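The values are calculated or read from the model by the stated rules, or taken from the named source; none is laboratory data. These numbers were taken from a predicted model, which means no experiment stands behind them. Note: ideal-geometry Cβ built from the backbone for every residue, glycine included; neighbour counts use all protein chains shown. These area figures cover heavy atoms from the full protein model, side chains too; ligands, DNA and RNA do not enter into them. Shrake-Rupley method; radii C 1.70, N 1.55, O 1.52, S 1.80 Å.
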Amino acid sequence: SEDDTKDGRMETIIYLNVSSAPHFTIFSTRLAGFFWENLPSLTFTAAILATQVFAMFISIFGIKNLTTAIGGGWGVSLLAISLAYFVVLDAVKVFVFRMWSFELTVKLWPTRARKERLRHKKERLIVEERVGRNVARVRAVSKAIYAANAFAKAGRRELPR
């Protein structure tokens, strides 16, 4: 069997892997949820896929004095592996984002500054919740006053003169 390091196929394999893996990762790093929850534009998707098809053809067929041909099996399987890793890493990303929080960092690395910052965040959250409840009450009273004025105005119109 031939040594892959002497005929240039390993360099082409690495090229295709380095080309495809980061491109697929772009779809995952755009948002905190799963990649399919907020799909990118058709133009962006087409550009990424076109570059990958182009890189795959370069790798499969080779370019004289630049890349060594690796064949269709290697080319397609490398893109499939990159795509599979992208899906797995996207799921890991979503899991980490759901589990990770500033409060968790305070528990894992409890410094005085982090504890103080967490205390301020909790105090601010309590104030925001209280303000939210008060705003809801004011809105309810405002709606009641508006309704009462509407009924009073409608009642004045119906009285015979």
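Per residue, the accessible area of the chain comes to 76 Å², computed with a 1.4 Å probe over protein heavy atoms only. Using the Cα gyration tensor of segment 67-161, with a ≥ b ≥ c the square roots of its eigenvalues, what is the shape: rounded (a/c below 1.5), prolate (a/b larger than b/c) or oblate (neither)? Cα axes put segment 67-161 in the oblate bin. Our coupling estimate for segment 124-129, obtained by passing each phi through the Karplus curve with A = 6.51, B = -1.76, C = 1.60 and θ = phi - 60°, is 5, 5, 4, 5, 4, 5 Hz, Gly and Pro reported as x. Under the convention that each Lys and Arg Cβ holds +1 and each Asp and Glu Cβ holds -1, the size of the dipole of segment 38-153 around its Cα centre is about 1000 debye.
Using a 1.4 Å probe on the protein heavy atoms, what percent of the accessible area of the chain belongs to carbon and sulfur?
Carbon-and-sulfur percentage of accessible area, whole number: 66.
This structure gives mean projected area of the Cα convex hull in nm², computed directly, and of (1) 11.0; (2) 9.9; (3) 19.8 that value is listed as (3).
How do 14-26, 136-148, 62-74, 94-106 rank on mean C-beta neighbours within 10 Å, highest first?
On the way: 14-26: 17.3, 136-148: 10.0, 62-74: 14.2, 94-106: 11.8.
The peptides rank, most packed first, as 14-26, 62-74, 94-106, 136-148.
Couplings 3J(HN,Hα) of segment 82-92, computed from phi: 4, 5, 5, 5, 4, 5, 5, 5, 5, 5, 4 Hz, in residue order, whole Hz [Karplus 6.51 cos²θ - 1.76 cosθ + 1.60, θ = phi - 60°; x for Gly and Pro].
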